[in-house]
1. For the range 303-400, what number results from the quotient of the Cα radius of gyration and 2.2 N^0.38 Å?
2. Run down the aspartates and glutamates and flag those whose C-alpha is under 16 Å from the C-alpha of LYS482, throwing out any fewer than 8 positions away in its chain.
3. Can you find, among GLY412, VAL255, LEU97, the residue farthest towards the positive end of the dipole of the chain? Put +1 on the C-beta of Lys and Arg, -1 on that of Asp and Glu.
4. May I ask you to derive the FRET efficiency for ARG14 and SER150 from their Cβ-Cβ distance with R0 = 35 Å, giving the value to the nearest 0.05?
5. How many Å² of accessible area per residue for the chain, probe 1.4 Å?
6. Percent of alpha carbon pairs in the range 343-391 separated by more than 17 Å?
7. Quick one: if you stick a label point 7 Å off each Cα along the C-beta vector at LYS168 and GLN441, how many nm between them?
8. Tell me the net charge near LEU495. Cut-off is 12 Å between Cβ atoms, LEU495 excluded, with +1 for each Lys or Arg and -1 for each Asp or Glu.
Amino acid sequence: MVMIEDLFQRDVTRDINPVVYFHEQDPAKVAAEVSEYIITGGYPEEDDRAIEHGIHEQFVRLLGAMGKDLKKGGTGLPAVWISGFYGSGKSSFAKLLGMSLNNLALPDGTKLADALLKRDESPNRAQFIEAWQNLVQDIKPMAVVFDIGSVARDDEHIHAAVVRECQKAMGYCGTSDLVADHEIRLEADGLYDDFLAKVKELHGKSWSDLRNKKLAEDLFSATLHALQPKLYGDEMAWMDARAGRKLGRSASETVSDIEHMLAARYPGRTLFLVIDEVSQYVHDNEDRMLALQSFVSALGQRLKGKVWLLATGQQKLEEGEAATTTLGKLKDRFPAHLRVHLSSANIRDVVHQRLLKKKVGVVPDLESLYQRHRSDIELYAYQGNQMSVQDFTEVYPMLPGHIDLLMAITTGLRARSTRVQGDSQAIRGLLQLLGDLFRDQKLISHEVGTLLTLDRIYDVLHTALEADVQSTLMRAFAFCDKHKADGLPDPVLALRVVKAVSLLELVQDERIKTDVQLIAQCLYERLG
């Protein structure tokens with residue numbers, strides 16, 4: 001007897017992080033992320049596996065466009081928009097690209113850029129390598145990579161967070177904006193070397209050892225008094241003069257400071273600012289949107305391609321709801337040739353290659369299983385008349401149509417459930433959902449031939465349903481229990497139907513209507 005767990009190349013119960021965190025930049029952590037990264041696409045047009053908007057195609061297109069702009073001497077709008085459906089991999093795309101541009105070395109000495117390029121195993125892999133080399137061959141890239149939602153303070157504009165993150169990355173004080181800002185002023189006035197020497201003389205340690213201490217402001221103030229006693233009459237004079245003060249920079253002043261920092265500390269470098277979740281931060285906030293517009297314009301006008309902004313968002317700027325909201329007004333600052341979109345078409349390939357990839361030896365047996373039950377699959381399985389034998393073997397024990405259905409269900413939950421607002425893990429990504437099914441629902445312990453069904457999905461996702469929906473479901477379940485207690489036929493099928501309907505109710509539209517046939521297809525649990 002062959003069990004489902006015997007089919008896969010890798011352990012399908014392994015833990016897969018539900019989201020990519022931009023602040024996790026330790027080389028060992030990034031090495032683990034790139035080892036799991038799937039680059040979809042890269043097949044010739046005539047190949048059945050070709051997809052129009054694969055991750056390979058998006059990398060090649062973006063890197064090629066940036067490279068051409070740089071060879072022309074820069075661009076007036078050095079701004080990239082990376083969009084994608086939740087779970088499409090846009091954050092991984094942006095983070096790995098940004099850390100590669102920062103020349104990150106992994107624990108084994110491999111450059112992240114090389115490890116990323118090796119993840120492209122497609123026939124057209126050479127295109128990716130060529131696009132990368134064309135981009136970086138004439139520049140010395142560096143990158144500052146962060147999630148705006150996790151670093152922003154007090155409803156500040158994005159450019160304010162940018163300059164602070166740049167200061168940290170370039171060796172300025174990391175615990176006080178005021179100190180870091182004054183370091184820039186000392187450099188600009190030619191006093192910084194004298195300041196460094198005075199720190200060593202006064203405190204017995206170098207500024208690099210002290211700048212990230214909690215008392216950095218006190219140490220800095222005392223040093224300025226020793227350096228310029230006429231200007232700062234006592235040790236706390238500088239600090240007292242700035243008590244309660246908050247820095248306020250315009251977009252233009254921010255660009256000026258970035259220009260100075262690069263010239264002073266990283267001359268000749270090209271800086272890439274990679275910022276995650278920009279669309280969520282700017283969404284429906286006119287002031288933030290206008291400030292971001294000004295920042296992009298100032299980068300282009302002043303730095304001419306020496307600094308680039310790469311921003312991520314869930315929506316395309318030019319389509320759907322985004323086009324008519326505050327967010328859509330950004331499309332004039334993010335040129336069309338510098339926008340990439342990771343469509344949901346990539347998700348099936350990611351699920352297949354990252355989680356459900358089969359051992360070579362079992363593929364003929366799965367193909368035989370499909371052929372033996374083909375007529376039943378076409379009649380009874382969800383979208384069974386729309387799949388090929390390759391489709392079946394790649395995503396079994398799912399069916400190919402399940403992927404779009406589950407993405408629609410999770411989207412519906414995100415849009416309608418207030419529970420999600422308080423529990424970011426209530427709705428899992430598709431990979432995590434499948435991991436829970438294999439691990440917690442013991443799907444791997446079933447015999448080959450068993451199929452994924454919607455009631456199993458309910459058992460994983462039900463905690464994310466609205467309270468009133470769960471209350472209604474409890475009454476339905478109680479009715480079924482009473483049915484059994486009264487000696488009537490076992491209501492197990494009724495229970496499964498209730499679970500399926502509760503999820504299908506989230507995806508009602510012109511394409512999906514809940515009827516008897518759909519429910520039966522979603523509950524078809526075993527071939528034969």
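The values are calculated or read from the model by the stated rules, or taken from the named source; none is laboratory data. Bear in mind the structure is a predicted one, so any value in this text is a computation, not a measurement. Cβ coordinates were reconstructed from backbone atoms using ideal geometry, including for glycine residues, and neighbour counts include every protein chain displayed. Quick note on the areas: whole protein, heavy atoms, side chains included, nothing else; ligands and nucleic acids left out. Shrake-Rupley method; radii C 1.70, N 1.55, O 1.52, S 1.80 Å.
1. Details: Rg = 21.0 Å, N = 98, 2.2 N^0.38 = 12.6 Å.
Rg over 2.2 N^0.38 Å, computed on Cα atoms: 1.67.
2. Of all the aspartates and glutamates, those that pass the test against LYS482 - Cα under 16 Å, at least 8 places apart if same chain - are ASP490.
3. After comparing all options, I get VAL255.
4. Numbers: r = 26 Å, r/R0 = 0.75.
About 0.85, to the nearest 0.05.
5. Details: 24330 Å² over 528 residues.
I get 46 Å² per residue for this part.
6. Values: 550 of 1176 pairs.
Every Cα pair in the range 343-391 considered, those over 17 Å come to 47 percent.
7. With each label point 7 Å from Cα toward Cβ, the separation is 3.9 nm.
8. Numbers: positive: LYS484, ARG496, LYS499; negative: ASP455, ASP459, ASP481, ASP490.
Here the count lands on -1.
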